[in-house]
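The values are calculated or read from the model by the stated rules, or taken from the named source; none is laboratory data. Treat the numbers as computed from the prediction; the structure is a model and nothing was measured. Backbone-built Cβ (ideal geometry, glycine too); neighbour counts: all protein chains shown. Note: areas computed on protein heavy atoms with side chains; ligands, DNA, RNA excluded. Shrake-Rupley method; radii C 1.70, N 1.55, O 1.52, S 1.80 Å.
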Amino acid sequence: LLFLAYKDICEKKLGNVKLLVLFLISSVYVLLDIHRVNVYIFNFLVSFSFYFILYFLLHKKDIGGADIKLLVIHGFMLGFWESVKACMLGCIIAILVNILYIRRNTCKTFALVPYLVIGMVGLYCFS
């Protein structure tokens, strides 16, 4: 996750290969927990449906595809509601940081993945 955050900051874009590797690693974890595969599949379907509807409602300009894919992978592993909480925490942190930063600079866009990663790690560590 930290590697993805770093790449998003540097390049402002994450390739599908990096996210596919994360998904494959997550899938191996799921296969090791064979008794709960149906729960992981349900989490994936709900997360996929919700976040892609959100992506299209936001007209593909307010949030990037990599952000949505990362949230779907997070929802797949830890559950839909955990991914929503992490998304909300990451967005709150992003808003607070960017209000302070954008007031001094003219930058209008920013990488969201680092903030989502902070939200995910923070939620995981403190829950």
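Can you pull out the residues in the stretch 18-47 that are open to solvent by 90 Å² or more (accessible area, probe 1.4 Å) and under 18 Å from CYS87 (Cβ atoms)?
Correct list: LEU45 only.
Of (1) among the basic types (Lys, Arg); (2) within 15 Å of the chain's Cα centre (by Cα); (3) over 16 Å from PRO114 (Cα atoms), ARG36 satisfies all except one. Which?
Against the list (1) among the basic types (Lys, Arg); (2) within 15 Å of the chain's Cα centre (by Cα); (3) over 16 Å from PRO114 (Cα atoms), ARG36 comes up short only on (2).
So is LEU57 farther than 21 Å from ALA111 by Cβ, modelled with pLDDT under 85 and either open to solvent by 70 Å² or more (accessible area, probe 1.4 Å) or touching a Pro at 6+ places or on another chain (Cβ under 6 Å) (or both) or not?
Details: farther than 21 Å from ALA111 by Cβ: yes; modelled with pLDDT under 85: no; either open to solvent by 70 Å² or more (accessible area, probe 1.4 Å) or touching a Pro at 6+ places or on another chain (Cβ under 6 Å) (or both): yes.
In short, no.
Tell me which residues, restricted to the stretch 52-86, are of a type in the set (Gly, Ala, Ser) and touching a residue at least 24 places away in the same chain (Cβ under 8 Å).
The answer is GLY64, ALA66, GLY75, GLY79, SER83, ALA86.
Return the residues of the stretch 60-81 that are under 14 Å from LEU1 (Cβ atoms) and open to solvent by 30 Å² or more (accessible area, probe 1.4 Å); say none if nothing qualifies.
Within the stretch 60-81, LYS69, MET77, LEU78 qualify.
Can you name the number of the only condition in (1) open to solvent by 30 Å² or more (accessible area, probe 1.4 Å); (2) free of Cβ contacts under 8 Å to residues at least 12 places away in the same chain that LEU89 fails?
Unmet condition: (2).
Select from the stretch 1-17 the residues that are part of a helix (DSSP H, G or I) and open to solvent by 60 Å² or more (accessible area, probe 1.4 Å) and write down the one among them that is nearest to ALA86 (Cα to Cα). Working first, answer last.
Taking the stretch 1-17 first, the residues part of a helix (DSSP H, G or I) are 2-11, 16-17.
Now drop any that are not open to solvent by 60 Å² or more (accessible area, probe 1.4 Å), which leaves 2-3, 6, 9-11, 16-17.
On the way: LEU2: 15, PHE3: 18, TYR6: 18, ILE9: 19, CYS10: 22, GLU11: 23, ASN16: 21, VAL17: 23 Å.
Selected residue: LEU2.
Does ALA111 satisfy the criteria of being touching a residue at least 40 places away in the same chain (Cβ under 8 Å) and crowded, with 19+ Cβ neighbours inside 10 Å?
yes
Among the listed residues VAL30, VAL117, VAL46, VAL84, identify the single one that is over 18 Å from the mean Cα position of the chain (by Cα) and not in a loop (DSSP other than H, G, I, E, B).
Exactly one residue qualifies, and that residue is VAL30.
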